[in-house]
Amino acid sequence: MKIPLTFVLNNQETTLMIDPGQTLLEVLRGQGGMTSVHRSCEEGECGACTVLLDDEPVNACLVLAASVQGASVMTSEGLVKDGTPHPLMKAFTDELGIQCGFCTPGMLMNAYALIRKAGDTELTDAVIRKTLEGNLCRCTGYVNIVKSVKTAQKLKMAGEWW
Amino acid sequence: MSDTNGNRTTMTTRPGGSFIGSRAMPELVYHAPKTLPELMDLIKIHGPAARIVAGCTDVIPSIRTGRWRFDPGLHLVDITKINALNQIETHEDMLKIGAGVTLTRILTSPDVKGFCPVLARAVEQMASLQVRNTATMGGNLCMASPAADTAPPLLVSDATVILQDARGETTVPVADFFTGPGRSVMTPGQMMTHICIPKIKDQDSAAFLKIGTRTAVIISVVSAAVRIGMAGGVCESARIALGSVAPTPVRVTAAEQFLSGKPLDDQVVDACAGMAASAVSPITDLRASAGYRKDVAKTLVKRCLMACRKDLT
Ligand SMILES: Cc1cc2nc3c(=O)[nH]c(=O)nc-3n(C[C@H](O)[C@H](O)[C@H](O)COP(=O)(O)OP(=O)(O)OC[C@H]3O[C@@H](n4cnc5c(N)ncnc54)[C@H](O)[C@@H]3O)c2cc1C
Ligand code: FES
Ligand code: FES
């Protein structure tokens, strides 16, 4: 039996009809149309499905969609404003923190939460690597991803952020 | 993946049209009670068809990989929306953590750092940020995995768990909680409501270390926790616990008793670590051989003892 799920998806109140057994990953990609939320391991190992649930990064594949009733969910679609990529996205392309792009939406969401929480504290390599340890990338070797996050934080400090 | 006729075998279609490469979740009804009485009612109504869940970080992979199967008509009862199970409280010298509290909250709680810093150190090395943001310590203990990383720190801290069912509450020491791989003293219809941890004494120091097949987001090949209390240059109290080296997380009491009244010099540390390793009977599996596990158990106990010694002097 399908049930209605009402939650805030990328700042918009949304109601979707879901199966109680569906994961948030399935609902976001399926009924929600948010195909940036990538599906890979479906076991919490890779981080490709990372989204923000009430501002905190979670693996959408390990969350039951029914449990986010009334909560707020953000995917990387929500970073784009009026068709303009977010400065965080620009940092990833400028610093080559993206190659095939499969891990990127998950990386972006985790990095977005990290940069927001860090405030004025400059992020170190160690903190960035520890925070992103649940996001696998098979292409970049991570060096450029760490650089991208640092560059993004500089953009935020320079006021280029939303 | 395909069978001999070239048909796809591992991909299945599910209701809702999405394509998945692993097993579908069973047909289920989801409940999110807001209070404990509501939850107890649900368990009473649905009986064996009810399954209590918290973060689901073990439940979903267990279903996906086919390790667990459920009949259609499963009732999942999510405890994470119950306020009473979502608190970290301190009562004089006791820390009381609700079963629904996430690992991230345990890691960032000043009360946990003050009362049981060794637990925070273990949680920091568990899973990933995304998993810690939803996973709970109650779930970690109820899974009763020999590799549960919160078990060794709780064992050395003399922690207890509070279990509840329709008949009332019982308190069980963590040391008596596990009965085998995936098994505990919990009976059907019973749930864990809280984990209680006595405050670490000023003259005590505790350490936790784990080794996996990589450095992050990994299940322990061996984990170790040690708590030592010193008085007058000799060891007054000792707790040593190991994970992933026996059917359950275990305390190695012979090695603990050996330390009593002795100074923590290199010889004593070495002998104690050796005793701890010879007291356990690890298995060989995907992750490591029994022999390797024994070697690592010895090394980790030794390093934990040395860390406590350094901290106390
Ligand atoms: C990528 C990944 C990495 C991981 N890394 C680690 C690691 O490093 N170390 C480690 O120890 N674990 C690890 N785990 C395992 C898991 O995340 C933990 O065991 C977690 O703490 C489980 O908590 P949960 O709230 O998600 O439990 P759930 O999945 O919700 O439940 C687990 C089990 O406990 C039962 N249960 C839960 N709460 C209660 C309750 N209050 N009363 C009665 N029964 C209950 C459920 O019925 C189920 O059987 C990892 C998991 C993943 C996916
Ligand atoms: S698909 Fe969710 S963590 Fe891999
Ligand atoms: S860019 Fe290809 S996996 Fe990260």
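Below are the figures for this structure:
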read-out: Residues satisfying the stated conditions in the range A:74-107, i.e. among the hydrophobic types (A, V, I, L, M, F, W, C), assigned to a helix (DSSP H, G or I) and more than 14 Å from every other protein chain (Cβ to nearest Cβ); value: A:Leu79, A:Leu88, A:Met89, A:Ala91, A:Phe92
read-out: Unmet criterion (only one of (1) without any contact (Cβ under 8 Å) to a residue 12 or more places away in the chain; (2) within 16 Å of ligand 2 (Cβ to nearest atom)) for B:Trp68; value: (2)
read-out: B:Thr65 vs. criteria in contact with a helix residue (DSSP H, G or I) (Cβ under 6 Å, 6 or more places away or on another chain), within 13 Å of chain A (Cβ to nearest Cβ) and open to solvent by 10 Å² or more (accessible area, probe 1.4 Å); value: no
read-out: Of residues in the range A:134-162 being within 16 Å of ligand 2 (Cβ to nearest atom) and crowded, with 18+ Cβ neighbours inside 10 Å, the one nearest to A:Ser76 (Cα to Cα); value: A:Asn135
read-out: Residue count, the range B:184-203 (criterion: without any contact (Cβ under 8 Å) to a residue 60 or more places away in the chain and outside any loop (DSSP other than H, G, I, E, B)); value: 1
read-out: Total residues in the range A:83-106, condition within 13 Å of A:Cys137 (Cα to Cα) and polar (S, T, N, Q); value: 2
read-out: Number of positions in the range A:29-48 that are without any contact (Cβ under 8 Å) to a residue 60 or more places away in the chain, more than 9 Å from chain B (Cβ to nearest Cβ) and touching a strand residue (DSSP E or B) at 6+ places or on another chain (Cβ under 7 Å); value: 1
read-out: Tally, over the range B:191-225, of residues that are touching a Leu at 6+ places or on another chain (Cβ under 6 Å) and within 14 Å of another protein chain (Cβ to nearest Cβ); value: 0
read-out: Spans of strands (runs of 3 or more DSSP E) in the range B:71-132 with at least 2 residues open to solvent by less than 30 Å² (accessible area, probe 1.4 Å); value: B:74-78, B:94-98
read-out: Matching residues, the range B:57-74, being modelled with pLDDT of 95 or more and touching a strand residue (DSSP E or B) at 6+ places or on another chain (Cβ under 6 Å); value: B:Val59
read-out: Candidates B:Leu264, B:Leu242 - the one that is part of a loop (DSSP other than H, G, I, E, B), crowded, with 20+ Cβ neighbours inside 10 Å and aliphatic (A, V, I, L, M); value: B:Leu264
read-out: Subset of the range A:1-15 (residues that are closer than 21 Å to A:Asp55 by Cβ and open to solvent by 20 Å² or more (accessible area, probe 1.4 Å)); value: A:Thr6, A:Val8, A:Asn10, A:Asn11, A:Gln12, A:Glu13, A:Thr14
read-out: Verdict on B:Arg132 being closer than 23 Å to A:Leu136 by Cα, in contact (Cβ under 8 Å) with a residue 12 or more places away in the chain and more than 6 Å from ligand 1 (Cβ to nearest atom); value: yes
read-out: Residue satisfying all of: in the range A:135-162; modelled with pLDDT of 95 or more and charged (D, E, K, R); nearest to A:Pro85 (Cα to Cα) among these; value: A:Lys156
read-out: Residue that is nearest to B:Pro282 (Cα to Cα) [pool: residues in the range B:133-179 that are surrounded by fewer than 24 Cβ atoms within 10 Å (Cβ to Cβ) and of a type in the set (D, E, K, R)]; value: B:Asp176
read-out: Qualifying residues in the range A:83-127 (those that are among the hydroxyl-bearing types (Ser, Thr, Tyr) and away from ligand 3 (no atom under 16 Å from the Cβ)) - the one surrounded by the most Cβ atoms within 10 Å (Cβ to Cβ); value: A:Tyr112
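Yes or no, residue by residue, for (1) within 14 Å of chain A (Cβ to nearest Cβ); (2) of a type in the set (Gly, Ala, Ser):
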| residue | (1), (2) |
| --- | --- |
| B:Asp111 | no, no |
| B:Gln130 | yes, no |
| B:Asn133 | yes, no |
| B:Met137 | no, no |
| B:Cys142 | no, no |
| B:Asp165 | no, no |
| B:Ala175 | no, yes |
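The values are calculated or read from the model by the stated rules, or taken from the named source; none is laboratory data. Predicted model only: the values in this text are computed from it and were never measured. All Cβ positions, even for glycine, are placed from backbone atoms using ideal geometry, and neighbour counts span all protein chains on display. Heads up: the accessible areas ignore ligands, DNA and RNA and are worked out on the full protein's heavy atoms, side chains in. Shrake-Rupley method; radii C 1.70, N 1.55, O 1.52, S 1.80 Å.
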